[in-house]
């Protein structure tokens, strides 16, 4: 879903943030989402005839990639952001994929009978809740015994140093630094422990480097304004957005090399089997 969470207090909710960024969420500067979906789809066999649940589907990157690569599968993507689902459904229609459906639903209250799906995935979504173990168990409840669940999350150091400069500067403008819960599962051992605590067996964790170079500092701004960081810049004091943008992009531009500005993106994929 995103790279950050909403900030307590007067900050926009996660849902409001993702509704606001939905139209730009598939921006090229955020192309790691598509690349990661392709990696996760590789954990399934193209011949699998399964019913699969995509939790926190966003604009449907994961569900649609699976639908293209698993032609016999039936895929249900759920998300609580109406704006994101508008984009997902439009993409499915354009691709003429009729084996995937998108439903408005909060991942903390999945309205399906237990044991309804053969497998489940959750891309960059599990860390949006405080109790990740409980959320993982809730997803697993919807999967049949013997079925697999896969999540993706960010490895430590992802988006650094760009994100560190961003968070330091936005604090100078009076915006509270978010909790960054994703860092609690930002190492292989943490992901392994989470899945084992949730009752999974045959747990394994794989790490992939999906980093790339942004053309310039403006491309980093596209990452900010079209992803979860949007909820932070929307909290800037009235009239300060342009000054913040100018000052921040000046420091980001100092990171530029002949190849561009490196966006460090390492992803952890954790796979477990429901007993």
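For residue 215 and residue 160, what is the calculated FRET efficiency with R₀ set at 22 Å and r taken between the beta-carbons, to the nearest 0.05?
E between residue 215 and residue 160, to the nearest 0.05, is 0.70.
First measure r as the distance between the Cβ atoms of residue 177 and residue 255, then evaluate 1/(1 + (r/R0)^6) with R0 = 25 Å and state the FRET efficiency to the nearest 0.05.
0.75
Distance between Cα centroids, segment 94-133 to segment 64-88: provide it in whole Å.
With segment 94-133 and segment 64-88 each reduced to a Cα centre, they are spaced 9 Å.
In segment 109-188, how does Rg compare with the Kirkwood Rh, expressed as the Rg/Rh ratio over alpha carbon atoms?
My calculation of the ratio gives 1.12.
At q = 0.13, 0.21 Å⁻¹, what log₁₀ I(q)/I(0) does segment 38-150 have when each alpha carbon counts as one equal point scatterer in the Debye sum?
So the normalised log intensities work out to -0.43, -1.16.
Between residue 144 and residue 238, how high is the FRET efficiency from 1/(1 + (r/R0)^6) when r is the Cβ-Cβ distance and R₀ = 45 Å? Nearest 0.05. Could you put the intermediate results ahead of the total?
Numbers: r = 52 Å, r/R0 = 1.16.
Calculated value: 0.30.
How do 245-254, 187-196 rank on mean C-beta neighbours within 10 Å, highest first?
187-196, 245-254
In Å, the Kirkwood hydrodynamic radius of segment 129-266 over pairs of distinct alpha carbons? Each step should come with its number before you reach the end.
Details: mean 1/r = 0.0582 Å⁻¹.
After inverting the pairwise mean of 1/r, the radius is 17.2 Å.
Here are a few candidate values for Cα extents along the principal axes in Å: (i) 58, 46, 41; (ii) 49, 47, 35; (iii) 53, 40, 39. Which one was actually calculated from the structure I just gave you?
(iii)
At a 10 angstrom cut-off on C-beta neighbours, averaged per residue, how do the peptides 24-37, 54-67, 201-214 rank from highest to lowest?
Taking the mean over residues of other Cβ atoms within 10 Å, the ranking is 54-67, 24-37, 201-214.
Per the helix-only calculation at 222 nm, which mean residue ellipticity applies to the chain, given -39500 (n - 2.57) for every DSSP H run of n ≥ 4 and division by its residues, nearest 500 deg cm²/dmol?
-10500 deg cm²/dmol
Put a dot 7 Å past each Cα toward the Cβ at residue 94 and residue 109; how far apart are the dots in nm?
3.3 nm
Output the 0 to 90 degree angle, nearest 10, between the alpha-carbon long axis of helix 32-41 and the longest principal axis computed from the alpha carbons of the chain.
20 degrees
Mark the label point 7 Å from the Cα of residue 202 along Cα→Cβ and return the residues of segment 144-186 whose backbone N is within less than 16 Å of it.
From segment 144-186, the list is 144-151.
Write down, largest first, the equivalent ellipsoid semi-axes of segment 130-176 in whole Å, where each equals the square root of 5 times an eigenvalue of the alpha-carbon gyration tensor. Kindly include the intermediate steps, with their values, before the conclusion.
Working: eigenvalues 261, 39, 7 Å².
After diagonalising the Cα gyration tensor, the semi-axes are 36, 14, 6 Å.
Since every read-out is calculated from the coordinates, none of them should be taken as a lab result. Bear in mind that the values here come from a model prediction, so they are computed numbers and not experimental data. Heads up, the Cβs are rebuilt from the backbone with ideal geometry, glycines too, and the neighbour counts pull from every protein chain shown.
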